Amino acid sequence: MTNLAENLRDLQQRFTVAAEAATDERALESLRVAYLGRNGEVTKLRRAIGELPAHERPQAGKAVNDVVAVMEERLRRRLENFDSRKVASELAASIDVTFPAIPAALGSLHPVRRIIDESCAYFRRHGFAVVVGAEAESDYYNFDALNIPSDHPSRESFDSFRLSDGMLLRPHTSAMQIRTMQRHRPPVAIVAPGKCYRRDAVDARHLFQFHQVEGLLVAEGIHFGHLKGMLTRLCRQLFGPDQNVRFRPSYFPFTEPSAEVDTTCPKCRGARGPCSMCGGSGWIELGGAGMVHPCVLREVGYEPDRYSGWAFGFGVERLGLARYEVDDIRRFVASDRDFLTQLA
Amino acid sequence: MLVPISWLREFVAVPNDAQAVADRLAMLGFPVAAIERRPRIAGVVVGRIATVERHPNADRLLVARVDVARPQAQTIATAATNVAAGQTIAVATIGATLPELTIRARTMRGVASEGMMISAGELALPAPWFEDGIMQLDGSLTPGTDVVEAFGLDGDVLDVEVTPNRPDAMAILGLARELAASYDLPLRVPSFVNPGRREEPPGARPAVSVESPDCERFVAQRFDGLRVGPAPAWMRIRLALAGQRPINNLVDVSNYVMLETGQPLHFYDAGEIAGGRLIVRDAHDGERLITLDGVERALSPRALVIADEARALGLAGLMGGASSEVTPATTAIVLEAANFNGPRIRRMSAALGLRTEASARHEKSLAPALTDAGAARASQLLTDFGATAYRPHAFGAPAAAAPPIALHVAEVERLLGLALPAERIVRHLRALGCEAVVTQNGTALSVTPPPWRRDLAIAADLVEEVARIEGYDRIPEALPSVPAHAISSAAFQLENAIALALAGLGYHEVVTHSLRRSGGPAAVEVRNPLSEEHRVLRESLAPGLIEYFAGAGEPIRVFEIGRVFARDGDRLVERTGAAFGFSVDGPGEPSWRDSAFLRLKGDCEALLRRVTGARAAVTPGSVPGFHPGKTGSVTLGDRRVGVIGAVDPRRAKACDLPGNAYLCLIDVDALPPHRTPHYRVRSKFPSTYRDLALTVDTAVAAAEIEEAIAQVLGSLCTEVRAFDEYRGPQVGEGRKSLAVRVTLQRSETTITDEEADDAVTRVLDALGERFGATIRT
Ligand SMILES: [Zn+2]
């Protein structure tokens, strides 16, 4: 018994010294294994208790348990100490938050699509559907059905790429008006975005391929005031709440009355000083619009006395030039990574 | 069209403020492309030369005494040589401001000069269009009159654009009428009464045969007693301000009347009309004609000519001929004021590559009634110049009055959303020259358009006129309530879903040219390309993206959605394609592994999963332009929807790609509609897995192994996935090692180790039998 007590005291002492000397969690763990593990020293002593006389055993067992409790308590305290040191060293870390970010791998939509999407989303909120159509179209849909017979002087302004007799690359999206009205009785409310082609020499303001958004609303009781209301709000959607829209009389064979639609130059805000965007007029051209010509309605079997409606078409790239303050329209089709990432 | 404000102000008292008038014209439908600002000129008056003497001290100078309506005549020295006593000239008096100088009193070689006699150039007129030296004014002018005021030299010039429906507004008078209506000012219309009343002397009466239906009306009129010389200064200055070079009094009158009224005229030397008869006919095949520009032209019957009994004298509506041209010796002329079919003139103009001020008007189908007005105005001016005017003879259809148009007052509100009272509608229409009568108790109007407005035919045309004069800006904005309809947006939404998914996967959208330099045998050619570079419609989006990669230089991930075209027999097939991919610096992997391809395949699977809800598979295949060993077909079920692979390295090299590129092309039109995914409850019992290291022939595809394992294990297996491949000396020539993870799970109980081991044994037996697979140890 005395022997056991001495051994225990000796063990506890050695353990205390080693535990205090331990410098990390691993050292503490091996200490635990050496003393309290399956083959540890304390465990060996506990086995020795079985050889003691029966009356001494309870006392010896208690002595061993007391020592084990003390050792475990010390281990726990030491371990806690290491944890708080670890947290403290974590808290001591400090970085330069101004260091450049690791770039995200997000892609982007082309500025043309973004303008188309925002415009179409606006019209969809108002109950319009978005339709798309073929780029190779017939003379009938591009011209004849739109009240532009082959002798008409305004065919000149649609200098088109011809594919075969009667087929051409569409110079405007207006063919979609006819295709939609032929398929559906009124009411019809659509926007038709898409690529168009004209034989324009390419320069900083012209491309031979460009995008248009066409709009058409035909029902009973639709008038020019509705056209003004919708397009004004569209421009405010795209450019901000102070945007103004101007409707000027113009001429298109497929609308009557017809209008040219301008919107406040977003660069100079209509200041009328020198401006590279609007040339000093204070306005940029949005596109053409007007009340659908009775001949066009009749062509698709609508009754012009009963139904009225309007149509408009505007150029997307030209709007993009103004919206993103792009200096040269050719950038919209150039291999220009910088253009994409700047506007992404 | 160049429009001097001063000329407009002869007919309507618009403000002498170019910007204000330009803004007003724009809001009437005539945008002003540019405003040509006139310089400020002051202190220039009319002078009459009393005497001219040699300068006492200088041989090359003259000294004139000039009456400028001051108490004393001014002494003015000049180096000009075209001065003589009696001339009326422009004098810049002391203190006058000219564009480039201010006039001060000065002494020229001992003679005190009190001002300066000036040239056209010094009045900021195009000097080469006027006489050398001092500008000669008209003798009728009173000395001392302010020259700037008298000739309207202070009025700016507007460059006005006129839409093709309004040839009547390609005229100062037409625009003045518009402004008068808009400003609600009176229009001072010149008289259109032809002063020609007399009968011609025997044999001098002009005869006209109209042999073509493309000439609706032809007014011919003879003038005698002409003296060809310079036109008066006021006419020359007006023409010059309007951009028309003065030539001589006859040519200038025809140009002046055209600019003022819009009716082109032509004057023939009366002595050069063989047989005294003008014939409007188709040209004979191969007929030759030297036009006024000195070009000899070979004509076809598609050309419409004015001929005499011997030969063609001129191209109808386009340009006269040299043979009957007015010369300095001309004393008698025959005037032509004709109306030709617009489309015929446009086709002729295009075929001959000749466009003139006259054809620009004729081709838009002028009103026949203008012919009489044009002849009358020319007749007045020529009479003023001392000519004898005989009476005009009109041939062809009489200018019939247009039928009246019924316009319901309510129609204005129905189309514009702006209610206007009948009186106001009537006032606007009358201001434009219409006759408007209120009918049906004030609810409707009967409107007869003026003879010069061929474009007004239906009620909607009149509504536009009313809106223009009322002002588009007075139409109130409103929001329509759009009635329900059944039109689908599906195609647009699909394109957008693809675009959004690809942007989310890190691709930047680009737009490339649809027209390319070359294409395959099924490519669609453009008949009238702008250049060799853009001759053929693209059959695939791939070439555009490869060019984009080459142009961008550094590696980039891009996509494009657009149309592709092909010819199928006589049919033109147009489909929507979506293409995405990326460029890479160069290969860095063994020949049997390509992680770039696998990354692209992962994006392809993610995209198709997103837009169709279905799982895509890639099966081996080859496509021209793609790498023969790194290309596959993209399929959804048994539907082939695209191609995926590495660009053929030879093609990459030819396109100057620094490394290579990987592309996936999706045929959007072939995609099935989106299927909504359904949720399946997973087994709540734990799963286990086994990794198999197999050795098979290189020809065995990973997908075949995966499929075979899934088939053998049935519902026991929840996932099977190859996760590594190795080829090399350890596995031997022609063989490869595949690592496959098989996940096993039961739905109603926990799977045991024994079951799992048994499953592996079954799999290995089957794979050994079917593929000669062995277990790699
Ligand atoms: Zn601006």
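Below are the figures for this structure:
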item: Boolean, A:Asp336 is without any contact (Cβ under 8 Å) to a residue 24 or more places away in the chain and either within 16 Å of the ligand (Cβ to nearest atom) or over 30 Å from the mean Cα position of the chain (by Cα) (or both); result: no
item: Every residue from the stretch B:300-311 that is farther than 16 Å from B:Cys215 by Cα and out of contact with any Lys or Arg (no Cβ under 7 Å at 6 or more places or on another chain); result: B:Ser300, B:Ala310, B:Arg311
item: Test: A:Asn147 is buried (at least 18 other Cβ atoms within 10 Å of the Cβ) and at positive phi; result: yes
item: Hits in the stretch B:456-467 (condition: buried (at least 20 other Cβ atoms within 10 Å of the Cβ), in contact with an Asp or Glu (Cβ under 8 Å, 6 or more places away or on another chain) and not small (Gly, Ala, Ser)); result: B:Leu456, B:Asp461, B:Val463, B:Glu464
item: Any hit, the stretch A:29-39, residues being of a type in the set (A, V, I, L, M, F, W, C) and under 30 Å from B:Ala490 (Cα atoms); result: no
item: Given (1) open to solvent by 20 Å² or more (accessible area, probe 1.4 Å); (2) on the phi > 0 side of the Ramachandran plot; (3) of a type outside the set (Asp, Glu), index of the condition B:Gly262 fails; result: (1)
item: Residues of the stretch B:487-521 satisfying the condition of being at the interface with another protein chain (Cβ under 7 Å from one of its Cβ atoms), among the polar types (S, T, N, Q) and surrounded by fewer than 17 Cβ atoms within 10 Å (Cβ to Cβ); result: B:Ser488
item: Matching option when the condition is open to solvent by 50 Å² or more (accessible area, probe 1.4 Å) and basic (Lys, Arg), among B:Arg227, B:Arg238; result: B:Arg227
item: Some residue of the stretch A:154-166 being assigned by TED's automatic domain parsing to the domain that holds A:Arg318, crowded, with 19+ Cβ neighbours inside 10 Å and more than 37 Å from the chain's Cα centre (by Cα); result: yes
item: Answer from B:Ser687, B:Ser683, B:Ser747, B:Ser737 - the residue that is at pLDDT below 90 and surrounded by 14 or more Cβ atoms within 10 Å (Cβ to Cβ); result: B:Ser683
item: Members of the stretch B:155-190 that are in a loop (DSSP other than H, G, I, E, B) and within 14 Å of chain A (Cβ to nearest Cβ); result: B:Glu161, B:Val162, B:Thr163, B:Pro164, B:Asn165, B:Arg166, B:Met170
item: Any hit, the stretch A:314-322, residues being part of a strand (DSSP E or B) and either within 16 Å of the ligand (Cβ to nearest atom) or touching a helix residue (DSSP H, G or I) at 6+ places or on another chain (Cβ under 8 Å) (or both); result: no
item: Members of the stretch B:471-490 that are of a type in the set (A, V, I, L, M, F, W, C) and within 30 Å of the chain's Cα centre (by Cα); result: B:Ile475
item: Residue that is nearest to the other protein chains (Cβ to nearest Cβ) [pool: residues in the stretch A:323-337 that are in contact with a helix residue (DSSP H, G or I) (Cβ under 9 Å, 6 or more places away or on another chain), in a helix (DSSP H, G or I) and open to solvent by 70 Å² or more (accessible area, probe 1.4 Å)]; result: A:Arg337
item: Among (1) closer than 27 Å to B:Asp638 by Cα; (2) in a strand (DSSP E or B) - the single one B:Gly714 does not satisfy; result: (2)
item: Wholly within the stretch A:234-309, strands (runs of 3 or more DSSP E) carrying at least 3 residues that are away from the ligand (no atom under 16 Å from the Cβ) and in contact (Cβ under 8 Å) with a residue 40 or more places away in the chain; result: A:245-252, A:283-292
item: B:Ile35 being open to solvent by 10 Å² or more (accessible area, probe 1.4 Å), among the aliphatic types (A, V, I, L, M) and under 30 Å from A:Glu260 (Cα atoms); result: yes
item: Yes/no for A:Leu216 being in contact with a helix residue (DSSP H, G or I) (Cβ under 8 Å, 6 or more places away or on another chain) and more than 8 Å from chain B (Cβ to nearest Cβ); result: yes
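Residue by residue, here is whether (1) touching a residue at least 12 places away in the same chain (Cβ under 8 Å); (2) loosely packed, with under 13 Cβ neighbours inside 10 Å holds:
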{"site": "B:Arg104", "(1), (2)": "no, yes"}
{"site": "B:Thr107", "(1), (2)": "no, yes"}
{"site": "B:Gly110", "(1), (2)": "yes, yes"}
{"site": "B:Gly115", "(1), (2)": "yes, no"}
{"site": "B:Ser119", "(1), (2)": "yes, no"}
{"site": "B:Pro126", "(1), (2)": "yes, no"}
{"site": "B:Glu131", "(1), (2)": "yes, no"}
{"site": "B:Met135", "(1), (2)": "yes, no"}
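The values are calculated or read from the model by the stated rules, or taken from the named source; none is laboratory data. All values reported here derive from a predicted model rather than from experimental measurement. For neighbour counting, all protein chains shown are included, and Cβ atoms are generated from backbone atoms with ideal geometry for every residue, glycine included. These area figures cover heavy atoms from the full protein model, side chains too; ligands, DNA and RNA do not enter into them. Shrake-Rupley method; radii C 1.70, N 1.55, O 1.52, S 1.80 Å.
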